[in-house]
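Trainee: Just passing along the structure, written as structure tokens.
The values are calculated or read from the model by the stated rules, or taken from the named source; none is laboratory data. Quick caveat: nothing in here was measured; it's all calculated off a predicted structure. A quick note on method: Cβ atoms are made from the backbone with ideal geometry, for glycine too, and the neighbour counts reach across all protein chains shown. Calculation scope for accessible area: heavy atoms of the full protein, side chains included, ligands and nucleic acids excluded. Shrake-Rupley method; radii C 1.70, N 1.55, O 1.52, S 1.80 Å.
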Amino acid sequence: MNILQMQRPTILKFFSQSYFNRSLSSLSNKLQAATTKPNVVRTSPHEENPRILITGSLGQLGTGLAKALRQKYGLDNVIMSDILKPTKDIFESGPYVYADILDFKNLQELIVSHRIDWVIHFSALLSAVGEFNIPLAMRVNIEGLHNVLELSKQYKLKLFVPSTIGAFGPTSPRNPTPDLTIQRPQTIYGVSKVHAELMGEYYRHKFGLDFRCLRFPGIISSDTNPGGGTTDYAVEIFHEALRVGHYKCYLRPDTRLPMMYIEDCLKSILKILEVPNEQLKLGTYNVTAMSFTPEELAEAIRKHIPNFEIEYEPDSRQTIADTWPMVFDDSNARNHWGWSHDNNLDDLVSIMLNALQPIYAKNE
């Protein structure tokens, strides 16, 4: 027997004990590292902010609201979604995902995988468009809402759903129109919005869902093209005034409707999202800024473009407008949670013309 054979048990014992000591020391170091707070802060400064999903975000309100929310809550915390392909600018501006509100499982997966806290539900077919495709409007505006309501209840989300002046009808008081009154709209868009208001408030009372809803007037913006609404003449008129100096209006000259500049609209959404739930005495509030007629808007434009001309050729949208409020009473929003607007008619005209002038100057 050689010396190596004689010492093998001792050598094996030495290596085994040495390996055990090193393993124990390594485990001790790992446990200490796991229980010791690192000196470097690795969390995002926006980690405690809400994670927000915006459905139908490529519409008139979605892009502007996403920008405002990202500035406030962090770029990665606001996820835009739609069924349309976004422009390069939108795609590169922050998170964007495909979301079909009619696909419950798709929405559920998005909410879970992105850890969503708030849903802002913009997906809908507007008044004039909906009347030409009622079955689709029923699916998008009603079935889609049901999916969002159920998921918001299941995951305890804060849910904001916009409503509209179209939620009222010819038997509603039109001047002014209060928050609580008879609502019997005569368009599928209006019917679906009343349904959304009532279902949201039912879920609020029955299940404790944090549901918030604002009834908007016509929204005027230079950033997006008109989307088929009855009040869209108040956007089209600025484009045509600068492009050709003439506009053919599909409403009568004396058709008075409530309106709001988009920045005031976004301000109202940001405001109501932040109000403590216990401060809200209603689930649905009117908000507005001004009321005017096509004739009054044309006169305000002539202060900047003296030769501007307008003619009137009412179409089916006139019938819709005749059933809508002329003046919105938003005193509850102003009294309950401090809503206020910043822009009147003259402000609106100046802002729109200044924003659009460079576009049409390039085409001259």
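Trainee: Select from Glu299, Glu278, Glu48 the residue whose mean-square fluctuation is largest in a Gaussian network model of the chain (Cα-Cα springs shorter than 10 Å).
Mentor: Checking each option, the largest mean-square fluctuation is seen for Glu278.
Trainee: With a bin width of 20 angstrom, please list the P(r) values of the chain as percents of all Cα-Cα pairs, from the 0 bin to the one holding the largest distance.
Mentor: With a bin width of 20 Å, the distribution comes to 26, 48, 13, 7, 5, 1.
Trainee: Share of the chain's accessible area from carbon and sulfur, percent, 1.4 Å?
Mentor: With neighbouring chains kept in place, the figure for the chain is 54 percent.
Trainee: Taking Cα atoms, how many degrees apart are the long axis of helix 345-362 and the longest axis of the chain, rounded to 10 and kept between 0 and 90?
Mentor: Once rounded, one gets 80 degrees.
Trainee: Give the aspartates and glutamates whose C-alpha is closer than 18 Å to that of Lys281, dropping any in the same chain fewer than 8 places away, or say none.
Mentor: By straight Cα distance, Lys281 reaches Asp179, Glu197, Glu201, Asp210, Asp329, Asp330.
Trainee: Sticking with this one: Taking +1 at the Cβ of each Lys and Arg and -1 at the Cβ of each Asp and Glu, which of Gly208, Asn175, Ser152 sits farthest along the dipole of region 118-214 towards its positive end, judged by Cα position relative to the Cα centre?
Mentor: Of the listed residues, the answer is Gly208.
Trainee: Under 14 Å from the Cβ of Pro176, count the other residues' Cβ atoms, weight Lys and Arg +1, Asp and Glu -1, and hand me the total.
Mentor: Result for the neighbourhood of Pro176: +1.
Trainee: Follow-up. Where both residues lie in the chain, what percent of DSSP beta bridges are antiparallel, nearest 5? Provide the component values of the computation, followed by the final result.
Mentor: On the way: 3 of 34 bridges.
So the antiparallel bridges amount to about 10 percent of the total.
Trainee: Highest first, please rank the peptides 89-102, 200-213, 111-124 by the mean number of other Cβ atoms sitting within 10 Å of their residues.
Mentor: 111-124, 200-213, 89-102
Trainee: Using alpha carbons only, how many degrees (0 to 90, rounded to 10) separate the axis of helix 3-35 from the longest principal axis of the chain?
Mentor: 30
Trainee: While we're on this one: In Å and whole numbers, how far do the C-alpha atoms of region 143-190 stretch along each principal axis, longest first?
Mentor: 40, 20, 13
Trainee: Jot down the radius of gyration and Dmax of region 172-231, Cα atoms only, both in angstrom.
Mentor: Looking at region 172-231, its Cα Rg and Dmax stand at 14.1, 40 Å.
Trainee: If we sort 67-75, 284-292, 144-152 on the protection proxy, mean other Cβ atoms within 10 Å, highest first, what's the order?
Mentor: Peptide ranking by packing, descending: 284-292, 144-152, 67-75.
Trainee: Can you pick out the pairs among Lys156/Lys193; Lys72/Lys206; Lys72/Lys267 whose Cα atoms lie more than 24 Å from each other?
Mentor: Violating the 24 Å limit, Cα to Cα: Lys72/Lys206.
Trainee: Give me the angle, in degrees from 0 to 90, between the Cα long axis of helix 262-274 and the longest principal axis of the Cα atoms of the chain, rounded to the nearest 10.
Mentor: Relative to the chain, helix 262-274 is tipped by roughly 50 degrees.
Trainee: Please identify, among Leu125, Leu58, Leu110, the residue showing maximal mean-square fluctuation in a Gaussian network model of the chain using a 10 angstrom Cα cutoff.
Mentor: Leu110
Trainee: Right, another one. Check the straight Cα-Cα distances from Lys88 and name the lysines below 17 Å, setting aside those fewer than 8 residues away within the same chain.
Mentor: Output for Lys88: Lys67.
Trainee: Size of region 211-293 along its principal axes in angstrom, Cα-based, largest extent first?
Mentor: 51, 26, 19
Trainee: Sum -39500 (n - 2.57) across every DSSP H segment of at least 4 residues in the chain, then divide by the residue count to get the 222 nm mean residue ellipticity, nearest 500.
Mentor: Result for the chain, helices only: -14000 deg cm²/dmol.
Trainee: Separate question: Students often forget the sequence filter, so: which aspartates and glutamates lie under 13 Å Cα-Cα from Lys85 once same-chain residues fewer than 8 apart are removed?
Mentor: Output for Lys85: Asp100.
Trainee: Follow-up question, since we're still on this one. Tally Lys/Arg at +1 and Asp/Glu at -1 over every other residue whose Cβ is under 14 Å from the Cβ of Ile142; what's the total?
Mentor: So the environment of Ile142 carries a net charge of -1.
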